[in-house]
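Remarks on the structure that follows.
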Amino acid sequence: MEKSNSDILTVEEAAELLKIPRSSFYKLAHEGKIPAKKVGRHWRFHRGVLLRYVAGVPNPDAPILSLKPMIPVETEQPVD
């Protein structure tokens, strides 16, 4: 199989990225447990979404700009 630098992955490429068997990946996609889109009869996956999913980011298929910061921002307290 030819290597691709595309952000859109096939089942084979996505399973290789996450280092799990292709059959397990199909099952997770079919059950809706992993972010996926079906194009005709073929499953497609977005590399960035899969990486955020594995990292445990809530709602990994949301646009990156809408994600809340993971580390709370400290604000200065007013001095009395």
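Within region 7-28, being in a loop (DSSP other than H, G, I, E, B) and without any contact (Cβ under 8 Å) to a residue 40 or more places away in the chain holds for Thr10, Lys19, Ile20, Pro21.
Report, by residue number, each residue of region 29-53 that is assigned to a helix (DSSP H, G or I), buried (at least 18 other Cβ atoms within 10 Å of the Cβ) and free of Cβ contacts under 8 Å to residues at least 24 places away in the same chain.
Here is the first cut: in region 29-53, the ones assigned to a helix (DSSP H, G or I) are 29-30, 47-53.
With buried (at least 18 other Cβ atoms within 10 Å of the Cβ) added as a condition, the list becomes 29, 49-50, 52-53.
Passing the criteria: Ala29, Val49, Arg52, Tyr53.
Every number here is computed from the coordinates shown, using simple stated rules; none is lab data. Values in this document were obtained by computation on a predicted structure and should not be read as measured data. Note that we place each Cβ from the backbone using ideal geometry, even for glycine, and neighbour counts take in every protein chain shown.
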